[in-house]
Number of protein chains: 4
Amino acid sequence: MKESNNLNYVAPNNEGKIDFINTYDLEEMARNIIPTGGYGYISSGAGDLWTLEQNIAAFNHKLIVPRVLADIEKPDMSTTVFGDDISLPIIMAPVASHGLAHVNGEVATAKGVAASKTIFTISSYANKSFKEISAAGNGAPQWFQFYMSKDNGINRAILDEAKSNGVKSIVLTADATIGGNREMDKRTGFVFPLGMPIVAAYQSGVGQNMDAVYGSSKQALSPRDVEFIADYSGLPVFVKGIQCATDAHAAIESGAGGVWVSNHGGRQVDGGRPAFDSLKEVADAVNKRVPVVFDSGVRRGTHVFKAIAEGADLVAIGRPVIYSLALGGSQGVNQVFDFFKNELAKTMQLAGTQTIEDIKKTTLSPYPWS
Amino acid sequence: MKESNNLNYVAPNNEGKIDFINTYDLEEMARNIIPTGGYGYISSGAGDLWTLEQNIAAFNHKLIVPRVLADIEKPDMSTTVFGDDISLPIIMAPVASHGLAHVNGEVATAKGVAASKTIFTISSYANKSFKEISAAGNGAPQWFQFYMSKDNGINRAILDEAKSNGVKSIVLTADATIGGNREMDKRTGFVFPLGMPIVAAYQSGVGQNMDAVYGSSKQALSPRDVEFIADYSGLPVFVKGIQCATDAHAAIESGAGGVWVSNHGGRQVDGGRPAFDSLKEVADAVNKRVPVVFDSGVRRGTHVFKAIAEGADLVAIGRPVIYSLALGGSQGVNQVFDFFKNELAKTMQLAGTQTIEDIKKTTLSPYPWS
Amino acid sequence: MKESNNLNYVAPNNEGKIDFINTYDLEEMARNIIPTGGYGYISSGAGDLWTLEQNIAAFNHKLIVPRVLADIEKPDMSTTVFGDDISLPIIMAPVASHGLAHVNGEVATAKGVAASKTIFTISSYANKSFKEISAAGNGAPQWFQFYMSKDNGINRAILDEAKSNGVKSIVLTADATIGGNREMDKRTGFVFPLGMPIVAAYQSGVGQNMDAVYGSSKQALSPRDVEFIADYSGLPVFVKGIQCATDAHAAIESGAGGVWVSNHGGRQVDGGRPAFDSLKEVADAVNKRVPVVFDSGVRRGTHVFKAIAEGADLVAIGRPVIYSLALGGSQGVNQVFDFFKNELAKTMQLAGTQTIEDIKKTTLSPYPWS
Amino acid sequence: MKESNNLNYVAPNNEGKIDFINTYDLEEMARNIIPTGGYGYISSGAGDLWTLEQNIAAFNHKLIVPRVLADIEKPDMSTTVFGDDISLPIIMAPVASHGLAHVNGEVATAKGVAASKTIFTISSYANKSFKEISAAGNGAPQWFQFYMSKDNGINRAILDEAKSNGVKSIVLTADATIGGNREMDKRTGFVFPLGMPIVAAYQSGVGQNMDAVYGSSKQALSPRDVEFIADYSGLPVFVKGIQCATDAHAAIESGAGGVWVSNHGGRQVDGGRPAFDSLKEVADAVNKRVPVVFDSGVRRGTHVFKAIAEGADLVAIGRPVIYSLALGGSQGVNQVFDFFKNELAKTMQLAGTQTIEDIKKTTLSPYPWS
């Protein structure tokens, strides 16, 4: 299964409408067009993939109780974060190396996300520059996910460039100070085939495996790093990867302007708690002090509804967008947001919720059998 | 898989005795004779079909505790609702477009249901008129399931016609103000091939997909609609689709004469609570003020027993009847009611319950392992 | 699959040592040599077979906690019931029509059970007479399972004959006043091919299906029937099929000398509680007033251990014995008791229990995950 | 499947680097090179293998909650037991007859374990002598697992030899006074093909099945045996196979210097509690009075992390080492410890734990759904 050399990596170059019914279709179709090593890197996770699979299954640990006679019509999905209005509470999660899925990489994704009138989160390990991604964003808000260098001089330079390109928030990924045990990547012999211009000052990416890439960035993250980023950038800082109340309190106390609940899509600690099962504990701890973003395992509009009901303000999606990017470029990306939007709208109507705030007032029903 | 044009839809035209052992046999046999799009529409549900499948599995969340030495012989299954005596506590649920399963549509079904001495619930989206269905009903009680028009003039006219054809109760379906995310229908490209005479004043049905049909009816249902129907018709009004105590109280307070617990057979909100798991909460809230009907997932007489033990007065069945209609016309419909009746009778005998009231006094045993 | 006429039924005629490792092997091998209708009748159960399958799975709802340093060597499995010493706490359950599995029917089984120095329970629907079975029993204790006639004159005559052949206890099966919904029997068109001499005064069995056979016996059993049998026979009377505390109390109050926990091997009420899950409730209610026998789902010596730990005094096995009867006649029957005895002995040693009384003092550990 | 004579047993003779990703790979590859009877003996367990399989699944009954901003870098896995420093908290469990997997048997294993700078536990049923194993151990600490003779003279001689070869602790296996019901061994007709020099004074092993081998050793173990070994040897004595608080207290009161939680890899009592589910109860009872070792079901570094979080001081691994021994000799053994070490290091980093003591302060999150 090993690819002796995936530096000759040829990514898809599709642009146009995808014929699909749901995100599982996208995954199946994308498997056929993304090169093996790239597809493995994108789709797989840590260890036995148990946490990855439970991330999705966990949404059935709590169930929606449909409501009737609630006088609902044409639910309103718009919301606001840090003063920016967006058309739906679903944003693009940071994902490394979109170039694995499409020759235009983050430029195509950012364009599709902007067409969906929502937020694109730029990964430190993007294959395109801030400038290129910003230009593609068409004025829609963009955030920047930061893997810190061990050198704060480099960190300041990266933050300077992010700000000069208009990013509205910094997302400090704190749950990936090293890579998880990604066995699929070992099986395929995956190395990153493309450069990572944003972090070029501390690593190239090209020809390196994931452990090497993560190894180049800073391991010993602490509350002081949150303070540093917040102070230096003046932007709201999300701490991403928070999975318990204690860490939520600590992050806010160190100056975080947002809490991002995630287990990195099941890519880091297998045998760790499904992200959805951590959400309520964290959201209760945050207690509306700062916005809560949730990701990991979101494949349906019903999942978005449930995450918001459990306390998320925004829900981020990753893999489904990358699959749609491979299959349909920026238009595909726009379509996948429409898929989520349509199912969320149906769910809101049938659950008796006119607005996002109404969803937050909803209580899910525990389900011990799933 | 898409059918470019299912307006040339040819429904089965069977009449006679079916050779079957249980309702799963019926489903398997019906799959072979009902055209793909029609079968998909009838059998499938929302999203991942999780709620649809859990509807059936949920009956094993609570178990029957058989009783002995209870002096039982020939249990009596008869019961009464709104003054009408019926031979068993099992009635026909409202199901759209029986013409998908049989050329004689609701006329054949109503005849079979009448032969079983129980209640037929006429769907707004029936392919036959009130007059035709009423004539086939042979004097057995019929109820009318109402999808309201946005125009109350039309609503009054439909109610007038229902009453003039002798319906005894109006069933306001409140859990389907829009259609669920029916992915199977998208895969087959299903559109309704037949007219819907009862609601012809506000939609035709022919050539429209489900979203279009639901879209023509009223979305913003509220307690005022219950009041309107009850006041105008003078008939007892069920609110159908109630899944929690709060909605049960609200429905009764707005004048509902009955509460119908259902999740629309798993066709609306996937990731919603299995209907059986909602039943006790609702029945306890109703507290015998009005009759409680239950549907969704009922495939066996043991399921009927359990639903009554949890608080249902009547249990409605849908898909199994439609399969039997396709396979054996009115005689098939009669047979499927006999199947349920026989298994219910055995269960009553072995559970030490002589009457339907005895079942209601029974307590099921919780089962956390299923 | 239907057999138009199984009156030409040809049962196996094996006698000799079986090569098997466990009872699942026996089931698989027996399937190949017992005629389809007979095998279906023996092996199958009610409805979806859910309760039948859960009967076995339920043993993993509670787990053995092995004990060490307990100074155990050569555990003693002997026990006593109604003054009879038996070599192990495992007895033969009543099973209808052993002639389906072996031409020598109950004569071969009784001989094998006697060789195992334990109790044989004669079914009312045996294919051999009291006299034949008694002669084969070689002095080992025998009990008689009674399906009552609607006519007490006939009942007295049957009890007279039972007593004159030395039976030590009457087992009133109270959970089968009618047959369960045995769908396999319908699929194979099964009718009993052989006569039932013990109950010949009220039915023949030959050519009748199970519903007809059960229909000939008395349906409306009550505490008065327990009193009648106890008074007339002067023997201890088990009530078999008790699954809750209330029925245990009622049985003892009506004069029962024993309580037999069983769900008839999952053959009566599908969706009913697995028998093992009912055992502790019943045994606690009995509180040592009378002996408790347990059956349903027992396939291993570890199951026997668990049942005794939950309160059973004796454990009865059925299907595995019938399979061994088909495969090896009386010698096969003896072997299957040895299988259970060996595994029970190992389990007692490793659980730190020297005697059957020690097992009763053991507490199992609940296991919510199985 | 039976091997008429496995005395012509030919074990693998590999030495060198194994190409594997995880321990499941090792199992699959080893199955192809170890003779059937030997592989069956090593890999299988008691009864239905339920406890064996649940041993692994049970690690998902409690989940890791990843922690962020914890200032972790290069976690320190070293620990100390009885004054010996080892490089990681993972040691080699006692396993009988390594000669089944490799011609050099325990000599190769001990060499590989020593290269991993951790403890090798010598089984009484080793195929090599104390002298040979000690020589291969290269100064790394070795412990001796003791199956006692019924003759204390022999026991003293064995302990004398153990001590003269430098073992640092005696591990009294108390959960295997007889063998479990190992059905696979019956199916293959397995007998031990090789001599067992350490216990040659009371049995040879060659040509005997497992029941015979266990039968030669002492069955009636009691606290007096712990006292005897501790007094005579002057070494710390582990009691191995403890699965509940009561036995932990009893072992320590009889002089045990360590408690070893194990269910013998699911080889003894099927339907017994998964070992991981017993760990916390035992560790809480021990309350740091003596070291706690844990084994049974450990296949990943995440399992090691969880066992330590639940109270283990050391975690022992068995089958994965034997597979690696078969595939790569001493080098393979070293590699499998590296596999565990690497995954443990990743898990410590991502769970916010710098040291083994930090892991012990961690609380896992219960997971009722797995």
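Which of the following residues is within 26 Å of D:Ser296 (Cβ to Cβ) and open to solvent by less than 20 Å² (accessible area, probe 1.4 Å): D:Asp211, D:Asp175? Steps first, answer last, please.
Working: D:Asp211 fails: open to solvent by less than 20 Å² (accessible area, probe 1.4 Å).
When all the criteria are applied, what remains is D:Asp175.
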Per the list (1) crowded, with 24+ Cβ neighbours inside 10 Å; (2) over 25 Å from B:Ala248 (Cβ atoms); (3) under 17 Å from the mean Cα position of the chain (by Cα), residue check on B:Val315 breaks on (2)
When C:Leu194 is evaluated against the numbered criteria (1) farther than 24 Å from C:Gly45 by Cβ; (2) open to solvent by 10 Å² or more (accessible area, probe 1.4 Å); (3) more than 14 Å from chain B (Cβ to nearest Cβ), which criterion, by number, is the only one it fails? (1)
Go through (1) buried (at least 24 other Cβ atoms within 10 Å of the Cβ); (2) out of contact with any helix residue (DSSP H, G or I) (no Cβ under 8 Å at 6 or more places or on another chain) and name the single condition C:Ala275 misses. (2)
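Considering only the stretch D:239-250, I want to know if a residue exists there that is of a type in the set (Asp, Glu) and at the interface with chain C (Cβ under 7 Å from one of its Cβ atoms).
Yes, the stretch D:239-250 contains a residue that is of a type in the set (Asp, Glu) and at the interface with chain C (Cβ under 7 Å from one of its Cβ atoms).
Yes or no, residue by residue, for (1) assigned to a loop (DSSP other than H, G, I, E, B); (2) open to solvent by 40 Å² or more (accessible area, probe 1.4 Å); (3) within 12 Å of another protein chain (Cβ to nearest Cβ); (4) more than 22 Å from B:Leu314 (Cα to Cα):
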residue: B:Gly47; (1), (2), (3), (4): yes, no, yes, yes
residue: B:Asn60; (1), (2), (3), (4): no, no, yes, no
residue: B:Ala70; (1), (2), (3), (4): yes, yes, yes, yes
residue: B:Glu73; (1), (2), (3), (4): yes, yes, yes, yes
From the set of residues in the stretch C:339-370 that are buried (at least 23 other Cβ atoms within 10 Å of the Cβ) and hydroxyl-bearing (Ser, Thr, Tyr), which is farthest from the other protein chains (Cβ to nearest Cβ)? C:Thr353
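Would the stretch C:316-333 turn up any residue that is touching a strand residue (DSSP E or B) at 6+ places or on another chain (Cβ under 7 Å) and more than 26 Å from D:Val269 (Cβ to Cβ)? Spell out the reasoning first.
First, pick out the residues of the stretch C:316-333 that are touching a strand residue (DSSP E or B) at 6+ places or on another chain (Cβ under 7 Å): C:316-317, C:321.
Remaining after also requiring more than 26 Å from D:Val269 (Cβ to Cβ): none.
No, the stretch C:316-333 has no match at all.
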Could you check, for the stretch C:118-133, whether at least one of its residues is among the small types (Gly, Ala, Ser), open to solvent by 10 Å² or more (accessible area, probe 1.4 Å) and free of Cβ contacts under 8 Å to residues at least 40 places away in the same chain? no
Return the residue satisfying two criteria in turn: it lies in the stretch C:201-237 and is within 14 Å of another protein chain (Cβ to nearest Cβ) and within 22 Å of C:Ser164 (Cα to Cα), and of such residues it is nearest to the chain's Cα centre (by Cα). C:Val237
Which ones in the stretch A:75-87 are in a loop (DSSP other than H, G, I, E, B) and either without any contact (Cβ under 8 Å) to a residue 24 or more places away in the chain or more than 14 Å from chain B (Cβ to nearest Cβ) (or both)? A:Met77, A:Ser78, A:Phe82, A:Gly83, A:Ser87
Can you find even one residue in the stretch D:147-156 that is over 25 Å from D:Phe190 (Cα atoms), assigned to a strand (DSSP E or B) and either in contact (Cβ under 8 Å) with a residue 40 or more places away in the chain or out of contact with any helix residue (DSSP H, G or I) (no Cβ under 8 Å at 6 or more places or on another chain) (or both)? no
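Collect the residues in the stretch B:178-188 that are assigned to a loop (DSSP other than H, G, I, E, B) and open to solvent by less than 30 Å² (accessible area, probe 1.4 Å), keeping them in residue-number order. Even if it seems obvious, please write down each step before you answer.
If we filter the stretch B:178-188 for residues that are assigned to a loop (DSSP other than H, G, I, E, B), which is where we start, we get B:178-182.
Residues satisfying the conditions are B:Gly179, B:Gly180, B:Asn181, B:Arg182.
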Given (1) aliphatic (A, V, I, L, M); (2) in a loop (DSSP other than H, G, I, E, B); (3) within 18 Å of the chain's Cα centre (by Cα), identify the lone condition not met by C:Ile56. (2)
Return the residue satisfying two criteria in turn: it lies in the stretch D:246-272 and is acidic (Asp, Glu) and outside any loop (DSSP other than H, G, I, E, B), and of such residues it is surrounded by the fewest Cβ atoms within 10 Å (Cβ to Cβ). D:Glu253
Of all the residues that make up the stretch C:273-320, how many are part of a loop (DSSP other than H, G, I, E, B) and either within 14 Å of chain D (Cβ to nearest Cβ) or of a type in the set (Gly, Ala, Ser) (or both)? 9
I'm trying to understand the selection: among the residues of the stretch D:90-117, which are within 13 Å of the chain's Cα centre (by Cα) and under 30 Å from D:Leu350 (Cα atoms)? D:Ile90, D:Ile91, D:Met92, D:Ala93, D:Val113
Can you go through A:Ile64, A:Ile90, A:Ile34, A:Ile56 and tell me which one is more than 13 Å from every other protein chain (Cβ to nearest Cβ) and either under 30 Å from A:Ile356 (Cα atoms) or polar (S, T, N, Q) (or both)? A:Ile90
Tell me yes or no: at least one residue of the stretch C:281-292 is closer than 30 Å to C:Phe305 by Cβ, in contact (Cβ under 8 Å) with a residue 60 or more places away in the chain and surrounded by 18 or more Cβ atoms within 10 Å (Cβ to Cβ). yes
Out of (1) surrounded by fewer than 20 Cβ atoms within 10 Å (Cβ to Cβ); (2) at negative phi; (3) more than 14 Å from every other protein chain (Cβ to nearest Cβ), the odd one out for D:Gly139 is which? (2)
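The values are calculated or read from the model by the stated rules, or taken from the named source; none is laboratory data. The shown structure was predicted, so the numbers you read here are calculated from the model rather than taken from an experiment. Cβ atoms come from the backbone with ideal geometry, glycine included; neighbour counts cover every protein chain shown. Ligands, DNA and RNA are stripped out before the accessible areas are found, and what is left, the full protein with its side chains, is counted by its heavy atoms. Shrake-Rupley method; radii C 1.70, N 1.55, O 1.52, S 1.80 Å.
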